[in-house]
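The values are calculated or read from the model by the stated rules, or taken from the named source; none is laboratory data. Remember, predicted model here, so these are calculated numbers, not experimental data. Please note: Cβ atoms are built from the backbone with ideal geometry, for glycine as well, and neighbour counts cover all protein chains shown.
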Amino acid sequence: MRLINDNGPEAKSLMKARSWRYNPSTHFADKIFSNSTLIFAMIIVGILLSLVIVLAINAMPAINKFGFSFIGNSSWDAVRSVFGALPAIFGTLLSSAIGLLIAVPLSLGAAIFLVELAPLWLRGPASFVIEMLAAIPSVIIGLWGLFVLVPFVRKPIESWFGSKLGFLPLFQGPPFGVGFLAAGIILAIMVLPIITAMSRDAMRAVPDQQREAMLALGSTRWEMIRQSVLPNCRSGLVGAVILGLGRALGETMAVTMVIGNSYTISSSLFSPGSTIASKIANEFSEASSGVFVGSLMELALILFGITLVVNVIARVLLWRMTAVKGTME
Amino acid sequence: MSERVYLRRKWLNRIMLGLCGIAAASAIIMLALILGYTLARGIGAMNINFLISAAKPVGEVGGGMRNEIFGTFILVILGSVLAIPVGLMAGIFVSEFANPKVATAVRFAADILAGIPSIVVGVFAYAIVVQPMHSYSAISAGVALAIIMVPIVARTAEESLRLVPNSMREAALALGITRWRAVVGVIIPGALTGIMTGIMLAVARIAGETAPLIFTALGSQFGVQGLLKPIGALPLQIYHYALSPYRDQQQQAWAGAFLLILLVLGISILVRWISNRKHI
């Protein structure tokens, strides 16, 4: 018997004939219902579009006054009404980079452990525990960071690196505790569960035949992981990491509480700083003049733009992976 | 020669697998540390006054977060009332009525909306609600939380609706009922567990959101005064008290964190339990 290919023309026409998607009802009440669901769905698209438009309109005072120099300027002076975004953009990128640098190896390792190594009875509970970490509100992570992590970063970590490697610009300056390093560690904790869960799903989607074939050739388990599992889900893993990056860039509360909130650019990881999100969180309720509010709106617009690009890339990668998986099944 | 190669491969295998185990263990230990510490400090700071009395002025010892707990309750309900209809209907549209291209577009929009930082959503709510009304308000915070909630509800609703087998749709139509009756009477009940878990997860998420509340809800020293006035919220008060120099307020921040963790993790564990039960 000839099997009908899932993606072949026959299957498609069969699906079309059976699906009510392609055969809209002519019944009056049905039309009202399906069109009202359409309206609600369009609300989602509308929110997204109006977000861009509203932020842009509100940012106009700053855009008109500063133009492109807003991005390159590093002062934030409410008295003289001169605002620039550079330290915030710098802080956002630096803290996220530190966060990913710590989180990516840990979460990939944890995902490999969960998919390939853990005994069956442990997989469920271990996944559950890591996913719980994702559910903890960021203000609580921030509270923990402020009272537990920051003193820990100040005393053993920063003073040790400062005394041993203090000749590097990376580790210069007084150990405040609060700063880019603390923010990066907090971000690592916050994106770890997301990256772990997404890359675990990606690895799980690799068919078992791939593993068995590799083992049958006499490979060790690590070689099997390295040469058949990881290459097979590469786009899924990259998607997971980029999704984590998107989360890290926009994370607000926990970072605001541990980054120290000084508007500086420094080559030292120990230096206090700001991110776009923390700047908005700190200054918004104090903003008085139109240009001040406009500058914060423009910061929000920049953050929106960065996370939009990052998220689109992540989604495309993750979707491509599920599409590949779909054709293999 | 080959002996050495084998040995190297064997040791590389052991080392790399060991590192993976260490990574998983450290992730779990990290969670245990955060959770354990917060719960321990929180339960130490928790007392009955915290739950039933209002905040005292700065410098006075005592007082609690009664108003903020109530405020969070109101904000979550506001957000849910605004978001659930939109999310559910959008989910129905994508799963049942949209042609594939439109469905992909809406799904993509929902995913992108879910990825927007919550602080940006707060700024947006400030611009469209607070500015025109010239006042911080509970309703503006509700709008911000709803925008965060909508994509979660929409995506989970859509996914659970799609899991309802097509034979159910055909069976319903074969009875001669209209499609909207089939959706409301047959398909939604079939997907109800999934839809409910999605809503609960979204509630857990917005209950702990702080960033969008800073310049929408603002916080209030006078308790809950209606939807058009500023309102306090538990996560917001935790934030303010955490940065306070007064030890008593810091203690209250820990107690608040304890309560918030119980709420959020309680919902997550409940959701997990419900969806596991479905599979058995």
**Asked** more than 7 Å from chain B (Cβ to nearest Cβ), part of a loop (DSSP other than H, G, I, E, B) and not β-branched (Val, Ile, Thr): does that describe residue A:80?
**Response** yes
**Criterion (facing chain B (nearest Cβ under 9 Å) and crowded, with 17+ Cβ neighbours inside 10 Å) met by exactly one of A:135, A:62** = A:135
**Message:** Any residue that is closer than 27 Å to residue A:275 by Cα, modelled with pLDDT of 90 or more and outside any helix (DSSP H, G or I) - is there at least one of those in the range A:129-146?
**Reply:** yes
**Every residue from the range B:30-53 that is assigned to a loop (DSSP other than H, G, I, E, B) and within 27 Å of residue A:131 (Cα to Cα)** = B:46
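What is the residue count in the range B:94-107 for residues that are surrounded by fewer than 18 Cβ atoms within 10 Å (Cβ to Cβ) and part of a helix (DSSP H, G or I)?
Going through the range B:94-107 one residue at a time, the tally reaches 5.
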**Asked** Out of all the residues in the range A:180-199, which are crowded, with 24+ Cβ neighbours inside 10 Å and either more than 17 Å from residue B:30 (Cβ to Cβ) or among the basic types (Lys, Arg) (or both)?
**Response** A:180, A:199
**Message:** Please count how many residues of the range A:113-128 are out of contact with any Leu (no Cβ under 9 Å at 6 or more places or on another chain), of a type outside the set (Val, Ile, Thr) and either more than 8 Å from chain B (Cβ to nearest Cβ) or not in a helix (DSSP H, G or I) (or both).
**Reply:** 6
**Message:** Looking only at the range B:231-255, how many residues end up being within 24 Å of the chain's Cα centre (by Cα), away from chain A (no Cβ under 11 Å) and assigned to a loop (DSSP other than H, G, I, E, B)?
**Reply:** 1
**Asked** Do the conditions hold for residue A:102, that is, is it touching a Cys at 6+ places or on another chain (Cβ under 8 Å) and of a type in the set (Val, Ile, Thr)?
**Response** no
**Message:** So, in the range A:231-252, exactly how many residues are more than 9 Å from chain B (Cβ to nearest Cβ) and either among the basic types (Lys, Arg) or free of Cβ contacts under 8 Å to residues at least 12 places away in the same chain (or both)?
**Reply:** 2
**Message:** So, in the range B:200-236, exactly how many residues are touching a strand residue (DSSP E or B) at 6+ places or on another chain (Cβ under 7 Å) and β-branched (Val, Ile, Thr)?
**Reply:** 1
**Message:** Just checking, does the range B:161-173 include any residue being facing chain A (nearest Cβ under 8 Å), surrounded by fewer than 22 Cβ atoms within 10 Å (Cβ to Cβ), in a helix (DSSP H, G or I) and among the charged types (D, E, K, R)?
**Reply:** yes
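Just to verify a result, which residue in the range B:60-73, among those that are assigned to a helix (DSSP H, G or I) and crowded, with 19+ Cβ neighbours inside 10 Å, is farthest from the chain's Cα centre (by Cα)? Lay out the reasoning, then the answer.
Just the residues of the range B:60-73 that are assigned to a helix (DSSP H, G or I), to begin with: B:66-73.
Those left that are additionally crowded, with 19+ Cβ neighbours inside 10 Å: B:67-69, B:71-72.
Details: B:67: 21, B:68: 18, B:69: 16, B:71: 16, B:72: 13 Å.
The extreme case among them is B:67.
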**Message:** Against the condition in contact with a Leu (Cβ under 7 Å, 6 or more places away or on another chain) and over 23 Å from residue A:251 (Cα atoms), how does residue B:189 come out, does it pass?
**Reply:** no
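I'd like to know if the range A:59-69 contains one or more residues that are within 26 Å of the chain's Cα centre (by Cα) and in a helix (DSSP H, G or I).
yes
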